[in-house]
Amino acid sequence: SQTIHQWPATLVQPVGSPLSLECTVEGTSNPNLYWYRQAAGRGLQLLFYSVGIGQISSEVPQNLSASRPQDRQFILSSKKLLLSDSGFYLCAWSVDGLTDTQYFGPGTRLTVL
Amino acid sequence: RKEVEQDPGPFNVPEGATVAFNCTYSNSASQSFFWYRQDCRKEPKLLMSVYSSGNEDGRFTAQLNRASQYISLLIRDSKLSDSATYLCVVKSSGDDKIIFGKGTRLHILP
């Protein structure tokens, strides 16, 4: 069966510090991968998605970036965090295209102080 | 009109009652619809897909009304464990956009 992992589970970082969140999927090959952010009291916002190694599509311009160095690894990064980057970051995967069901990882709760 | 709208609630419902909530969408080209459940401080989990003909899974029934552009979720014989936020998800095959609603909070009262 497929499983998706995210770490760390929680993170507290000062403004201006770098960020690296990691997501890995097991039990499937060539998944579509997604990064979402859920800010307090707001809906899920799609940040990036990837249909293959090295292929990243950005949905919202911001100070975040994503990379997919391996088939089942998706990384979310920032060089300098902003207060507004605080939120619940969720990685998800799907089997096929964007119209297919997505399955979420446990998330990383980021607080920027 | 917002792309996907949900009543934020909270819906406070006694245990055993039936509750229903809707989700409206603005893009008539939307093709796929889902309901997710999200517990407090947890990730969303797929509850059910919504098919054109409507579908049922135990106490849960989902329906799609394309003419009026909304989907609905009905929960019968509600349990305390049904307390959660229910997220509506709408996807369009044309531009591959995925839109999550902000969710409807449901509290089942003992």
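Some points to look at:
- Residue selected from the stretch B:4-23 under the condition touching a Gly at 6+ places or on another chain (Cβ under 9 Å) and in a strand (DSSP E or B), by the criterion farthest from residue B:102 (Cα to Cα): B:21
Rundown of residues vs (1) farther than 29 Å from residue A:3 by Cα; (2) out of contact with any Leu (no Cβ under 9 Å at 6 or more places or on another chain); (3) loosely packed, with under 15 Cβ neighbours inside 10 Å, yes/no style:
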| site | (1), (2), (3) |
| --- | --- |
| B:35 | no, no, no |
| B:40 | no, yes, yes |
| B:45 | no, yes, yes |
| B:52 | yes, no, yes |
| B:62 | no, no, no |
| B:69 | yes, yes, no |
| B:78 | yes, no, no |
| B:91 | no, no, no |
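- For residue A:59, the criteria (1) surrounded by 13 or more Cβ atoms within 10 Å (Cβ to Cβ); (2) over 26 Å from residue B:90 (Cβ atoms); (3) among the acidic types (Asp, Glu) hold in every case but one, which is (2).
- Set side by side, the residues A:84, A:50, A:29 differ, and just one is assigned to a helix (DSSP H, G or I) and either in contact with a strand residue (DSSP E or B) (Cβ under 9 Å, 6 or more places away or on another chain) or surrounded by fewer than 11 Cβ atoms within 10 Å (Cβ to Cβ) (or both), which is A:84.
- Residue within the stretch B:72-93 that is out of contact with any helix residue (DSSP H, G or I) (no Cβ under 6 Å at 6 or more places or on another chain), part of a loop (DSSP other than H, G, I, E, B), under 28 Å from residue A:59 (Cβ atoms) and not acidic (Asp, Glu) present: yes
Each row is one residue, and each column tells you yes or no for (1) within 11 Å of the chain's Cα centre (by Cα); (2) within 25 Å of residue B:30 (Cα to Cα).
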| residue | (1), (2) |
| --- | --- |
| A:46 | yes, yes |
| A:54 | no, no |
| A:72 | no, no |
| A:85 | no, no |
| A:89 | yes, no |
| A:101 | no, yes |
| A:110 | no, no |
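- Within the stretch A:30-46, being of a type in the set (A, V, I, L, M, F, W, C) and either facing chain B (nearest Cβ under 8 Å) or over 14 Å from residue A:104 (Cα atoms) (or both) holds for A:39, A:40, A:44, A:46.
Computed from the coordinates by the stated procedures, all read-outs in this text should not be read as laboratory data. Just so it is clear, the structure is predicted and the values come from calculations on it, not from any experiment. No Cβ is skipped: glycine too gets one built from the backbone with ideal geometry, and neighbour counts run over all protein chains shown.
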